[in-house]
Amino acid sequence: MTVDQFNHNYAQNVKAIHNFAIKLTSNVADADDLVQETLMKAFKSMHTFRPDSSFKSWAFTILKNTFNTQYRKKRRMKKVNAHIEDFALSNSYAVRNDAISQLKIREIKSCIRELSDKCNEPFSLYLKGYQYNEIAEELDIPIGTVKSRLNYARIKLKSLMESKGIEA
């Protein structure tokens, strides 16, 4: 295949290739990058293209393989980064002095007591390990109300802790 033939075939199929990339990535910017990567790989390996085959199918195969390779790399990086972040997170909460940790616990409990009764009840049950549906049954309120009150309690607790200078 010559460069002119490659350009001609690419121009005829670029829309279909781009649409396939969008379908895979669900993102136009990522699809544009994937199409560009596919174009570079196809151009570098145009000598492997068989004249009796379909350019569109050949390009789709390159695109799909490129996407799969990138997906696997991202997934591996997420696993590696997740372990590092979990380790860093666990180290950031390590308290060396038990007296300091007890003091923090008392301060947090005082902030929890400052929550309104409407929020304190579901929040206390949640802290004890109850699930949303169990809290809803226990307090005889809809599950949506439980979720709403727990969310409000978290936001309010965070605000109270910040105002008192307590680090989470």
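Every number in this text was worked out from the coordinates using simple rules, so none of it is lab data. Keep in mind the model is a prediction, meaning the values are calculated, not measured. Every residue, glycine as well, gets a Cβ built from its backbone with ideal geometry; the counts of neighbours run over all protein chains shown.
Points worth noting:
- Extreme residue, nearest to the chain's Cα centre (by Cα), among residues of region 14-49 that are under 26 Å from MET1 (Cα atoms) and in a loop (DSSP other than H, G, I, E, B): SER45
- Considering residues of region 142-166 that are without any contact (Cβ under 8 Å) to a residue 12 or more places away in the chain and assigned to a loop (DSSP other than H, G, I, E, B) only, the residue farthest from GLU121 (Cα to Cα): GLY165
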